[in-house]
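Following: one structure in structure tokens, then a few remarks.
A short reminder: the numbers here are calculations on the coordinates, not readings from a lab. Just so we're clear, the structure is a prediction, and the values are computed from it rather than from any experiment. Reconstructed Cβ throughout: ideal geometry from the backbone, glycine too, with neighbour counts over all protein chains shown.
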Amino acid sequence: MKANELRIGNFVQDTLGVVKIGLNAKVKFADIYNGIPLTEEWLLNFGFETYTTEKSKVYKLGNFMVTYVLKGRFAGNKYLKAFNISFSEFGHIKHVHTLQNLYFALTGEELQIRK
């Protein structure tokens, strides 16, 4: 993991388990951290509400929406919509810290564990 990928408040894994990057984190030693796979459990823990349509599963938090296409021509794709702006497929967002960084960049707010 590269140090420039990490911000204070990001959740990552080290040899002891899940940790939250704090002021005293050794970010210059970012190679000791691994990304946490982004799962439904993490989205729900961040407070995303979920609903299912005929073809998709949608997670929504305020004006921020993540859509996983389950059926049809675009099955397997993931899409993001924030403040009524749709972004194209975002399959490269595979880790919790990446979602945290993107959410902050688009909303100016931190994703917080709510459960």
request  = Towards the positive end of the charge dipole of the chain, with charges on Cβ (+1 Lys, Arg; -1 Asp, Glu), say which of Thr50, Ile36, Ala105 has the farthest Cα.
outcome  = Thr50
request  = Return the single residue from Ile93, Ile36, Ile85 with maximal mean-square fluctuation; model: Gaussian network over the chain, springs between Cα atoms under 10 Å.
outcome  = Ile85
message = Among Asn84, Asn101, Asn34, which one shows the highest mean-square fluctuation when the chain is modelled as a Gaussian network with alpha-carbon springs under 10 Å?
response = Asn84
task = Taking the Cβ of Tyr51 as the centre, find all other residues whose Cβ is under 11 Å away and add up their charges (Lys, Arg: +1; Asp, Glu: -1).
result = +1
Backbone HN-Hα couplings from phi across the stretch 64-79 [Karplus 6.51/-1.76/1.60, Hz, Gly and Pro as x] = 10, 9, 10, 10, 9, 7, 9, 9, x, 4, 9, 3, x, 7, 10, 10
query = Lysine pairs in the chain with alpha-carbon atoms under 22 Å apart, 8 or more places apart or on different chains: how many are there?
reply = 26
Exposed chymotrypsin sites (Phe, Trp or Tyr not before Pro) absent: longest stretch of the chain, with sites in DSSP loops and at most 14 other Cβ within 10 Å deemed exposed = 1-73
message = Run the helix sum for the chain: -39,500 (n - 2.57) per DSSP H stretch of 4+ residues, divided by residue count, reported at 222 nm to the nearest 500 deg cm²/dmol.
response = -4500 deg cm²/dmol
query = Could you state the per residue volume, in Å³, of the convex hull enclosing the Cα atoms of the stretch 43-84?
reply = 66 Å³
task = Kindly state, to the nearest 0.05, the FRET efficiency for Tyr51 paired with Val19, given R0 = 30 Å and r defined as their beta-carbon distance.
result = 0.40
key: Loop sites in the stretch 1-110: GluC sites (Glu not before Pro), DSSP, at most 14 other Cβ within 10 Å   = Glu54, Glu89, Glu109, Glu110
ask   = Can you tell which of Thr67, Thr39, Thr98 shows the greatest fluctuation in a Gaussian network model of the chain with Cα springs below 10 Å?
value = Thr39
query = the stretch 3-107: D in µm²/s via Stokes-Einstein (Kirkwood Rh, Cα pairs, 25 °C, 0.890 mPa s)?
reply = 165 µm²/s
request  = Let me know the charge dipole size of the stretch 3-107 about its Cα centre in debye, to the nearest 20, where only the beta-carbon of Lys, Arg (+1) and Asp, Glu (-1) is charged.
outcome  = 200 debye
message = What do you get for trypsin sites (Lys or Arg not before Pro) in the stretch 54-98 restricted to DSSP loop and a cutoff of at most 16 other Cβ within 10 Å of the site's Cβ?
response = Lys55, Lys71, Arg73, Lys94
ask   = For the chain, what is the relative contact order in percent, using Cα pairs closer than 8 Å and at least 6 residues apart in sequence?
value = 23 percent
